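For reference, the structure is listed below as structure tokens.
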Amino acid sequence: MKSSARIRELCVDWYETIVCSFFVLAAVTFTATVALQLRTPRMRIAVHSGVEGAPLKALAKRFCDEKGFEVEVVELDYDELFDEELKAVSSPASQFDVIQLDDPWFPALIRGNTRDSSRSPRLAQVKLEDDEWSHFYDSCRRVCQYPYCKESSDCHSPYYAIPFVGNSTLLTRWAASAVSPQDKILPFENPRFAMRIGTANSIVTDFIQALRMIDPNSLGIEHARELSPETKSVFEKIAGLGKQRSLGAASMDDFDLAIDMRSRRADSSIVWSAWTMALRNLPPDPERQPDGKSLVFDVPTHPELGAWLLAVPVSARHRSAGEKFLRFAASKKQVEASVEYGNPPARSDVLEDKEHQWPQHPSFERQAASLSQATPRPRMWNWRSLEATLGETISALYAGELTTEAAWSRINDEIRKLATEP
């Protein structure tokens, strides 16, 4: 009996030791996990799901590896990205610590999508050394400032974002040689022109570029401006293309247009710099025989700016970490690294680096010229409303559902309405 009792006693002691050890291990593991989470913030970054977002994902990984931060990248399509970012900057606790935004969204996001300019900015001010800012193209820097400055020579507005994607428009063509920068090339003149269609952002790209070739002040920059009668010729051309269906290709997707250009189903197209770089990575169509022509890139008259920016909401949970990420992203070293992932640089000391040359990107010289001359879309808080009207109206014009006069008048009516919108 004594032997049995002793065995039971030993078993109980062993059981208690195991249980106690389990709880101690669990407590240690929990404490270590909490300590790690406190020491390593988990940042959330909202990015565009497309060619402009891919290099940013690679940048986030480098930031994790070098700085010891955890980063969650959230990819969203164009419209959803704006909507979620507007919620984030309007919230007392933003769900994102860093946001990637198309530059015409900046006036809406910094104000919380209202006309009230007396509101405190919803984006955190960005602090870089003055000599660092001087390396970014003026066109890209100015869209990061609030209030916007049309001229940079005497502007002291603070910065609330950094330029990341140095996008501006280029006319891409299959030709024997590029044209002189002084020549005026209209995008719709080629009967095999590849054009974006649809009611969203895409069709507006081609439309604004064509408008500004006719009237450089079309739609305005600092605020919305009614279209001049001279711009009716652009409406007439789009209506004519719709009737003849004479486009080389038509698509709502930039990637499809890139494929159409590479496969020679189209002879010319207006493209963003990011897609110019992507075109070089697409394999040639084996069914197409060489004819002495190659893809050349021309700078259109009055190129259009389409920069993508990075910003930190004031209400970001990890605001300090987000600000470190922006400084990391703005550095020359990281901008150069992002080029390898297809990101068009917004820094002149990278895009025009004579020592590096960038032989795999022969379009860089033209990209630099385009960025140097580029003008942004109107800096208005309700740009998204005007963009929607532009897309719907031009799509209806192309489909033959509106006359030239009706389409032109509808857009001017919308501009007048938005100019007085409270």
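Quick look at the values:
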item	result
Residue within the stretch 365-379 that is farther than 21 Å from residue 135 by Cα and not charged (D, E, K, R) present	yes
Whichever residue in the stretch 92-128 is exposed (fewer than 15 other Cβ atoms within 10 Å of the Cβ) and of a type in the set (Gly, Ala, Ser) and, among such residues, is farthest from residue 419 (Cα to Cα)	93
Index of the failed condition, residue 133 passing every other in (1) under 17 Å from residue 323 (Cβ atoms); (2) touching a residue at least 60 places away in the same chain (Cβ under 8 Å)	(2)
Scope the stretch 54-81; condition of a type in the set (Phe, Trp, Tyr) and part of a helix (DSSP H, G or I); matching residues	63, 78
Cβ-Cβ under 6 Å pairs, at least 6 apart or on other chains, the stretch 383-396 side without any contact (Cβ under 8 Å) to a residue 12 or more places away in the chain, far side surrounded by 20 or more Cβ atoms within 10 Å (Cβ to Cβ)	396/402
Complete set of residues in the stretch 72-84 that are surrounded by 13 or more Cβ atoms within 10 Å (Cβ to Cβ) and touching a residue at least 60 places away in the same chain (Cβ under 8 Å)	78, 82
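Rule-based calculations on the coordinates, nothing more; no lab input. In this text the structure is predicted, and so the values were computed from the model without any measurement. Cβ atoms come from the backbone with ideal geometry, glycine included; neighbour counts cover every protein chain shown.
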